[in-house]
Every structure is written in structure tokens, then in C-alpha cells.
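Colleague: Below you'll find the structure I mean.
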Amino acid sequence: MSTTATTADSGAPGVADYATLTFAYFAVGVTVSVAMLDAGVSIPRTLTAAFVVYSATPQLAFLAVKAAGGSAIIGVLSGWLVASRFGILASSLGARYEASELERAAAAINSFDPNVALAMQQDEAVGVRRVFWRVTAALMIGWWIGTVVGVLLGNVLENSDALGLDAVFPAALLAIIGSSLRRRDGLTAAVAGAAICAILIPITPGGVPILASAVGAVLALGVAVSKPDSGADR
């Protein structure tokens, strides 16, 4: 193996890491599809959403708004809001991702928390691309298979909560944002957003509190600019 290849693979995930990611997204795929069916969404729409949207957070945000009595438009906007972080992730990846414009566009569309985070840990550009697409494949395989299994389970389970599937997504979301809560700006955004939701939930239509909670992110930006975190906090 050449020196370049060795450097590019330094710190790259192993087979066990890819398998873990696949299983995690399999579990989330099952959870989301069962939740969609429980909410009355048809099987064709559930499968289409899984293969086209390819993200749990927008789908669950939409379902949460609908369950609270909100309109479809507010539900879509809520889904867009929670998925907007993927654009930021794609931007952060762009500086390290050396490829053709077409491949960069494909990478931007498929930029999510795990594949971008693991790819950015690589030392060389070739390692960034290799790890990004390998992780992406692991996520896709788990997500799509989990979706199909969830559809099958949704047709035979009388109570999907009996399997504890309702706890999978909150746990996954907490894992995603956990590191951000240790930073001053991340904690500010979380506390402010939660406070705004708590105030607005009793007095506004479903979905509006989620959209309004984005103000917490604006406040967090002010904190980050005025009091930047030290290197030890990152």
C-alpha cells in the first residue's frame, strides 16, 4: 500500500462502524415508516417519502405538526426547517471535497450528519470522498431496508409502541445534538427554542411553535459572535 493510501485511510471507519451505522438507520427507517402508517399515511406515500426525502427529521416534523392539528403547509415548512442543517453540512464539506461539479452536487444532496462528520475527519481528499460515499451507502442500505420492514410491520402490529420503536428516533436525535449542547451557542439555541415552544404551544396552531423556535438559532449566533467558544469546548 502506498504512503498516500495509508494517509488517506488514517482514522477511517472499519467494517464494524459501517455495520453499526447501517443498523442504526435500519432502526430509524422502521420507526419512521411505522409512525407514518400509524398516522394514516398510505403505503405508497410512505415509501415515496422514504426514497425521495431520505431523512427522518422532516418526515417526523411533518407528522408532529399534523398530529397537533396543523396544516400541511406548516408541516412542510417545519420539515424544511429541521432539514435546513443539511445545507450547512454540505457547505462545510465543500471545502474538503475535491471532485467534478456533478459529483459535488450529488454529495451535497446526500450530506447528512454521520457521513459528513466522518468524512471531515480524514486527512486527504481521497479519504474524504471514499469515507463519505461508503458511509452514505451504509446509511442508504439501512434506511431503505428499514423502511420496507417498517411497512410490513405496520400492517401486522396493533400497537407499534409495544416494540419500543417510539424511543428510537428521540434517542438518535439526542445523539446528533448532544455534542452541540456542550457548546455555549448550541445550549443557547436549545434553551431558547424550547422556551419559545413551551410558550406558544398552548396559544398557536400546530407547527407554529416549531417554526418560531428558529429564533433560538438567531440568538445563538449572537452568542457565538460576542463570546466565541475556546478551543477546549469544541
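The values are calculated or read from the model by the stated rules, or taken from the named source; none is laboratory data. Because the structure is predicted, anything quoted here is derived from the model rather than measured. Ideal geometry is used to build each Cβ from the backbone, glycine not excepted, and the neighbour counts take in all protein chains shown.
Colleague: Could you run through region 199-234 and say how many residues are part of a loop (DSSP other than H, G, I, E, B), at pLDDT 75 or above and farther than 22 Å from Ala83 by Cβ?
Modeller: So the answer is 2.
Colleague: Could you tell me which numbered condition Ile73 fails, if it satisfies all but one of (1) aliphatic (A, V, I, L, M); (2) within 22 Å of Cys197 (Cα to Cα); (3) in contact with a helix residue (DSSP H, G or I) (Cβ under 9 Å, 6 or more places away or on another chain)?
Modeller: Among (1) aliphatic (A, V, I, L, M); (2) within 22 Å of Cys197 (Cα to Cα); (3) in contact with a helix residue (DSSP H, G or I) (Cβ under 9 Å, 6 or more places away or on another chain), the lone unmet condition for Ile73 is (3).
Colleague: A further question follows. Check Thr4, Thr20, Thr48 and return the single one that is of a type in the set (S, T, N, Q) and at pLDDT below 80.
Modeller: Sole residue among the options that is of a type in the set (S, T, N, Q) and at pLDDT below 80: Thr4.
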